[in-house]
Amino acid sequence: MKKQVFDNYEAFYNMVLSTTIMSNAPSLEYEEDAKKIIEFIGGAYELNEKFVDYCRDVILDDLSRLGRTIDQLAVYSERAYGDCYTQDDALFDIKGDVLATLQRIGGKEDYNINEGWFDYSHYKTYQAQVRFKKIEITAASGNLIATRQVGILKALGIGCKKDYARAIWRLTQCAYWGDVTAMKYLAYIYKTTNDDENHKLWWEIGQLSEEFLRAGITVIPDSHKDTYSENAQAIYVYISSIAQDVVHALNKTNIDFSFIEAITSPTLDYHQKIFYINNYSYMGWKEVTNSSAKPKRTIGF
């Protein structure tokens with residue numbers, strides 16, 4: 001089973017990430033919610049039930065011993081030079097990477113996060129509603145991990161009222177910013193809500209992005225154009241262009257929600273959307289989403 005973990009590294013990492021962001025202090029309520037999150041991610045990655053159960057046991061039992069960043073340092077310090085690096089070591093390293101990633105979120109000034117929200121040097125008690133609110137506020141800054149997490153929590157109703165429409169919109173914002181994981185989550189939500197058309201669409205976009213987006217390819221090769229639907233290919237063009245011309249070129253790692261709202265607006269045609277993507281820095285797209293740019297009538301009292 002451990003070999004399967006590394007064969008499905010991305011899914012397992014996201015399970016650890018999405019459960020750890022909720023708490024690092026096990027409780028009955030936390031474990032019940034963590035199981036739902038792990039099963040959601042397992043379903044999105046189309047993993048078999050037996051393996052998902054194994055992941056749940058490893059995360060909630062074995063890896064729970066590594067709850068703080070100082071625990072991570074203690075584990076590293078215990079490794080004697082020259083010893084064989086085992087799969088158990090690698091599992092703990094995944095948890096350690098997650099702890100460090102979450103701690104970095106809290107360390108960035110532009111997120112405007114209260115001290116301690118993502119400080120994993122100590123244990124955090126679990127209150128689902130409180131945790132959701134803190135993650136939601138963090139997501140408002142455009143942080144991709146927090147925004148994706150809001151999508152999961154809204155889909156499952158953890159710490160908030162279940163709201164598929166809100167979950168889909170949050171995950172769509174992540175997807176247009178090039179987050180392949182969010183694409184898988186979107187496809188899974190559409191599958192569970194029996195929306196076969198959108199399930200197929202986002203499954204295709206996810207496949208395209210896994211193969212080409214991560215390789216930095218914006219134009220789909222002719223040899224693959226008959227494999228995917230025209231709609232999936234059209235959306236991929238927007239996603240890949242944003243990834244190249246905005247995210248990477250301008251180092252805009254935080255999601256620009258207003259920009260995504262403009263690019264997904266039905267009022268713009270293909271050429272207008274590509275123009276705005278290629279000329280992101282000029283902010284012309286704000287005319288679509290900023291109500292003060294072209295007011296319909298005089299504002300007065």
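Considering only region 58-65, I want to know if a residue exists there that is more than 19 Å from N8 (Cβ to Cβ) and of a type outside the set (K, R).
If we filter region 58-65 for residues that are more than 19 Å from N8 (Cβ to Cβ), which is where we start, we get 64-65.
Remaining after also requiring of a type outside the set (K, R): 64.
Scanning region 58-65, I find at least one residue that is more than 19 Å from N8 (Cβ to Cβ) and of a type outside the set (K, R), so the answer is yes.
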Long-range neighbours under 7 Å by Cβ, at least six apart or interchain, first residue over 11 Å from A128 (Cα atoms) within region 17-41, second in a helix (DSSP H, G or I) and of a type in the set (D, E, K, R): K35/R56; I38/R56
Looking at D61, D57, which one is of a type outside the set (K, R), closer than 18 Å to D7 by Cα and over 22 Å from the mean Cα position of the chain (by Cα)? D57
Tally time: how many residues in region 125-136 are part of a loop (DSSP other than H, G, I, E, B) and either β-branched (V, I, T) or on the phi > 0 side of the Ramachandran plot (or both)? 1
Restricting attention to region 207-250, the residues that are assigned to a helix (DSSP H, G or I) and not acidic (D, E) number exactly 25
I need the full set of residues from region 258-273 which are assigned to a helix (DSSP H, G or I) and either under 24 Å from A140 (Cα atoms) or of a type in the set (S, T, Y) (or both), in order please. S258, F259, I260, E261, A262, I263, Y270, K273
Hey, A140 hits all of (1) modelled with pLDDT of 95 or more; (2) within 19 Å of I263 (Cα to Cα) but one; which does it fall short on? (1)
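Within region 253-275, work out how many residues are touching a residue at least 12 places away in the same chain (Cβ under 8 Å) and out of contact with any Gly (no Cβ under 6 Å at 6 or more places or on another chain).
Taking region 253-275 first, the residues touching a residue at least 12 places away in the same chain (Cβ under 8 Å) are 253-265, 267-268, 270, 273-274.
With the extra rule that they be out of contact with any Gly (no Cβ under 6 Å at 6 or more places or on another chain), the set shrinks to 253, 256-265, 267-268, 270, 273-274.
Result for region 253-275: 16.
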Apart from one, (1) crowded, with 19+ Cβ neighbours inside 10 Å; (2) within 19 Å of W202 (Cβ to Cβ); (3) not polar (S, T, N, Q) all hold for I277; the odd one out is (2)
Inside region 63-105, can you point out the residues that are exposed (fewer than 13 other Cβ atoms within 10 Å of the Cβ) and either in contact with a Leu (Cβ under 7 Å, 6 or more places away or on another chain) or polar (S, T, N, Q) (or both)? S77, T86, Q87
Among the residues of region 137-194, write down those that are in the same structural domain as Y236 (by TED's automatic domain parsing), more than 16 Å from A232 (Cα to Cα) and assigned to a loop (DSSP other than H, G, I, E, B). T193, N194
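The values are calculated or read from the model by the stated rules, or taken from the named source; none is laboratory data. Since the structure is predicted, the reported quantities are computational estimates derived from the model, not experimental observations. Methodologically, a virtual Cβ is constructed for each residue, glycine included, from the backbone with ideal geometry; neighbour enumeration extends over all protein chains shown.
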